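Report on the following structure.
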Amino acid sequence: MELGLSGQTAIVIGGASGIGWAIAEAFLQEHCQVGVVDLHVEGLARRAGLESVVGDIRSFQSMEETRDGLIKCFGRIDHVIVAAAKGSGRFGFPFWNLDPDDWREVLEVSLQGSVNVAHAYGPYLANQGAGTLLFLTSVAGQIGSQTDPPYSAAKAAVINFMQVAAKDLAPYQVRVNALSPGMVKTRLNRAVWEASQADLSESERQSYEDWAQAKIAHIAPLGEWQTPPEFGSLATYLASHHARNITGQTLNIDGGQVMHH
């Protein structure tokens, strides 16, 4: 399928690794210019069409400054993807296993960070009269996951805010959607495993692979990992003219997890 994205520009916030980097690569494969904004970009190889800059999603000023720098670099911005996220790093079942302070940084990165990006780029895209904004959320934000309540609540709030932004930006022909991962091999997913094992005895602990396979078998009818490139494929499709009537939607790539739940 010809997506017609050649020559356009995509900015991936939190795009230096994991799903964010897979999305950046997918846009590069569509012959787009790509800007990656992350706290750590030093490991990214230099590639034609790729510009990487250090930026902190927790700071609205940083999002404005990196936006202006990337506009100067590329001339314009067509698509913005928010892929940065943070979990609490602790096993949150029951929720009072956590302290209220464990919520602060999760909300600052995952929720307030998404708001910072929307405020930095939304008016720009509206003034341009075209473009897309895509948030990476999670199935945890749709089912009240007990594994990490701060992360679950933050992603639920992002889904709600995405719908608000979609309504506000629709008159300007700017589409806003969310992609919702299930089980993907990322640093964040591995951190969930580490937290789940912390209070177990030696005999009760599972390897990462055993833990993940048992969890997938329990929650996902298709019984498979989801992979970062799948999100790159759907992200580029949502940016294309083929998706011109898709806005305000949360699209799950989760092996049927939410349906099953």
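The numbers here are math on the coordinates, done by the rules we state, and not lab data. Bear in mind the structure is a predicted one, so any value in this text is a computation, not a measurement. Cβ coordinates were reconstructed from backbone atoms using ideal geometry, including for glycine residues, and neighbour counts include every protein chain displayed.
Less than 5 angstrom separates the built amide H of residue 51 from those of 34, 35, 36, all sequence-distant by 5 or more or on a different chain. Over the Cα atoms of the chain, the radius of gyration divided by the Kirkwood radius equals 0.97; this is the Rg/Rh ratio. The GluC sites (Glu not before Pro) of the range 187-216 meeting both criteria, a DSSP state outside H, G, I, E and B (loop) and at most 16 other C-beta atoms within 10 angstrom of the site's C-beta, are 202, 204. Rounded to 0.05, the FRET efficiency of the residue 61 and residue 213 pair, given R0 = 41 Å and the Cβ-Cβ distance, is 0.40.
Treating r as the C-beta distance of residue 104 and residue 68 and R0 as 35 Å, the FRET efficiency rounds to 0.75. Here the 3J(HN,Hα) profile of the range 164-172, calculated from phi with Karplus coefficients 6.51, -1.76 and 1.60 at θ = phi - 60°, is 4, 4, 4, 5, 5, 8, 4, x, 9 Hz, Gly and Pro shown as x.
The GluC sites (Glu not before Pro) found in the range 38-128 that occupy coil by DSSP, while having at most 14 further C-beta atoms within 10 Å, are 42. Take the Cβ atoms of residue 172 and residue 40, set R0 to 30 Å, and the FRET efficiency comes out at 0.35.
Pairs from the table (86/215; 72/155; 167/215; 72/185) lying more than 26 angstrom apart at Cα are 72/155; 167/215; 72/185. A straight line joining the Cα centroids of the range 195-230 and the range 1-46 runs 29 Å.
The GNM of the chain, with springs linking C-alpha atoms under 10 angstrom apart, assigns the highest mean-square fluctuation among 89, 129, 182 to 129.
Computed per residue of the chain from DSSP H runs no shorter than four, each worth -39500 (n - 2.57), the mean residue ellipticity at 222 nm is -12500 deg cm²/dmol. With springs only between Cα atoms under 10 Å apart, run a GNM on the chain and tell me which of 207, 180, 59 wobbles the most. With Cα springs under 10 Å in the chain, the top fluctuation among 207, 180, 59 is at 207.
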